[in-house]
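In what follows, a structure is listed as structure tokens, so that the remarks can point back to it.
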Amino acid sequence: MSRTQKTVVVLAALVALVMGLTVNKVLNSKGDGTDKVALLDAGIVLLPQSRSLPSLALTDQNGQALQVDQLKDKWSLLFFGYTFCPDICPATLAQLRQLQGMLPAEAKDKLRVVLVTVDPHRDTPEQLKKYLGFFDPAFLGLTGSQEDLQKLAAAVSIPYIPADTSKENYTVDHSGNLVIIGPDGTQRGFIRAPVHNDKLAEQLPSLLQSGS
């Protein structure tokens with residue numbers, strides 16, 4: 001098994017472990033099990049307790065500094081990916097664009113989509129802006145130092161493995177799961193990959209209406 005294959009296996013195992021433990025906690029927590037099952041069927045896993053985001057300054061696609069713990073006032077879906085990704089990233093962003101079109105106007109207004117790059121070597125603000133324009137110019141793109149990006153990824157349990165940037169046309173091993181951030185700026189849960197738009201379109205509006 002090559003080094004790349006091994007890192008993919010390790011990454012997949014870490015993500016599966018985190019998601020498995022979280023789902024188990026959700027199913028065994030007190031409350032109405034019917035809603036939990038419906039949410040889980042749509043791929044939505046809400047944390048038993050919200051998590052604070054680290055105080056890190058990243059840079060958006062317009063070159064402006066943004067504190068990640070200040071992602072407030074709206075619900076946010078964070079996707080950790082990169083603009084040179086050959087498959088999962090463009091597919092996921094296209095699905096998220098489609099999902100927004102399936103939501104009622106009021107729910108859509110409460111939601112932002114954020115691409116957090118796992119490839120800061122190539123994903124400059126200019127590159128992020130150009131790339132996101134192919135999907136939806138309203139999507140937010142964030143880049144920063146490799147250290148800060150890994151801190152954020154670890155804090156929300158979406159680990160990735162930095163690439164060997166010395167190789168030509170390198171790829172980055174990362175998860176396809178989405179992170180759910182509430183209007184108060186805390187992590188509320190995950191959306192498991194692959195994304196199922198029909199089910200999400202049914203379940204997300206009630207979640208987005210559930211206050212701060």
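How many residues are part of a helix (DSSP H, G or I), of a type outside the set (A, V, I, L, M) and surrounded by 15 or more Cβ atoms within 10 Å (Cβ to Cβ) when one looks only at the stretch 127-136?
Within the stretch 127-136, the first condition is being part of a helix (DSSP H, G or I), and the residues that meet it are 127-133.
Remaining after also requiring of a type outside the set (A, V, I, L, M): 127, 129-131, 133.
Now narrow it down to the ones that are surrounded by 15 or more Cβ atoms within 10 Å (Cβ to Cβ): 127, 129, 131.
So the answer is 3.
Kindly list, by first and then second residue, each pair from a residue in the stretch 154-168 that is under 23 Å from Ile180 (Cα atoms) to a residue that is of a type in the set (Gly, Ala, Ser) and crowded, with 20+ Cβ neighbours inside 10 Å, limited to pairs with Cβ atoms under 7 Å and residues at least 6 apart or on different chains.
What qualifies is Ile158/Ser175; Tyr160/Ser175.
Is there a residue in the stretch 151-168 that is assigned to a loop (DSSP other than H, G, I, E, B), among the basic types (Lys, Arg), surrounded by fewer than 20 Cβ atoms within 10 Å (Cβ to Cβ) and at pLDDT below 95?
Residues of the stretch 151-168 assigned to a loop (DSSP other than H, G, I, E, B): 156-160, 162-168.
So of that shortlist, the ones also among the basic types (Lys, Arg) come out as 167.
This time we only want the ones that are surrounded by fewer than 20 Cβ atoms within 10 Å (Cβ to Cβ), so: 167.
Subsequent filtering for residues that are at pLDDT below 95 retains 167.
Yes, the stretch 151-168 contains at least one residue that is assigned to a loop (DSSP other than H, G, I, E, B), among the basic types (Lys, Arg), surrounded by fewer than 20 Cβ atoms within 10 Å (Cβ to Cβ) and at pLDDT below 95.
Could you check, for the stretch 147-168, whether at least one of its residues is among the acidic types (Asp, Glu) and under 17 Å from the mean Cα position of the chain (by Cα)? Spell out the reasoning first.
Initially, the stretch 147-168 is screened for residues among the acidic types (Asp, Glu), giving 147-148, 164, 168.
With under 17 Å from the mean Cα position of the chain (by Cα) added as a condition, the list becomes 148.
Yes, the stretch 147-168 contains a residue that is among the acidic types (Asp, Glu) and under 17 Å from the mean Cα position of the chain (by Cα).
Under the condition of being part of a helix (DSSP H, G or I) and either under 16 Å from the mean Cα position of the chain (by Cα) or aromatic (Phe, Trp, Tyr) (or both), which residue from the stretch 187-207 is surrounded by the most Cβ atoms within 10 Å (Cβ to Cβ)?
The first filter runs over the stretch 187-207 and keeps only residues part of a helix (DSSP H, G or I), leaving 197-207.
Remaining after also requiring either under 16 Å from the mean Cα position of the chain (by Cα) or aromatic (Phe, Trp, Tyr) (or both): 197, 200, 204.
Values: Asn197: 17, Leu200: 23, Leu204: 27.
Looking at residues that are part of a helix (DSSP H, G or I) and either under 16 Å from the mean Cα position of the chain (by Cα) or aromatic (Phe, Trp, Tyr) (or both), I get Leu204.
Could you list all residues from the stretch 96-126 that are crowded, with 17+ Cβ neighbours inside 10 Å, under 17 Å from Leu204 (Cα atoms) and either touching a Cys at 6+ places or on another chain (Cβ under 7 Å) or not charged (D, E, K, R) (or both)?
Scanning the stretch 96-126 gives Leu96, Leu99, Gln100, Leu103, Ala107, Leu111, Val113, Val114.
In the stretch 12-31, is there at least one residue being over 25 Å from Gln150 (Cβ atoms), surrounded by 13 or more Cβ atoms within 10 Å (Cβ to Cβ), modelled with pLDDT under 95 and hydrophobic (A, V, I, L, M, F, W, C)?
Within the stretch 12-31, the first condition is being over 25 Å from Gln150 (Cβ atoms), and the residues that meet it are 24, 26-31.
From the residues that got through so far, the ones that are surrounded by 13 or more Cβ atoms within 10 Å (Cβ to Cβ) too are 26, 29.
Restricting the remaining residues to those that are modelled with pLDDT under 95 gives 26, 29.
Among the residues that remain, those that are also hydrophobic (A, V, I, L, M, F, W, C) are: 26.
Checked the stretch 12-31: at least one residue is over 25 Å from Gln150 (Cβ atoms), surrounded by 13 or more Cβ atoms within 10 Å (Cβ to Cβ), modelled with pLDDT under 95 and hydrophobic (A, V, I, L, M, F, W, C).
Check whether at least one residue in the stretch 143-151 is in contact with a Leu (Cβ under 8 Å, 6 or more places away or on another chain) and without any contact (Cβ under 8 Å) to a residue 60 or more places away in the chain, and report yes or no. Working first, answer last.
Within the stretch 143-151, the subset in contact with a Leu (Cβ under 8 Å, 6 or more places away or on another chain) is 143-144, 148-149, 151.
Still in the list and also without any contact (Cβ under 8 Å) to a residue 60 or more places away in the chain: none.
No; the residues of the stretch 143-151 include none that is in contact with a Leu (Cβ under 8 Å, 6 or more places away or on another chain) and without any contact (Cβ under 8 Å) to a residue 60 or more places away in the chain.
Quick check, is Leu39 under 20 Å from Val172 (Cβ atoms), among the hydrophobic types (A, V, I, L, M, F, W, C) and assigned to a helix (DSSP H, G or I)? Give the steps one after another, and end with the answer.
Details: under 20 Å from Val172 (Cβ atoms): no; among the hydrophobic types (A, V, I, L, M, F, W, C): yes; assigned to a helix (DSSP H, G or I): yes.
The answer is no for Leu39.
The values are calculated or read from the model by the stated rules, or taken from the named source; none is laboratory data. Because the structure is a prediction, the values reported are computed rather than measured. Here the Cβ is made from the backbone with ideal geometry for all residues, glycine too, and neighbour counts use every protein chain on show.
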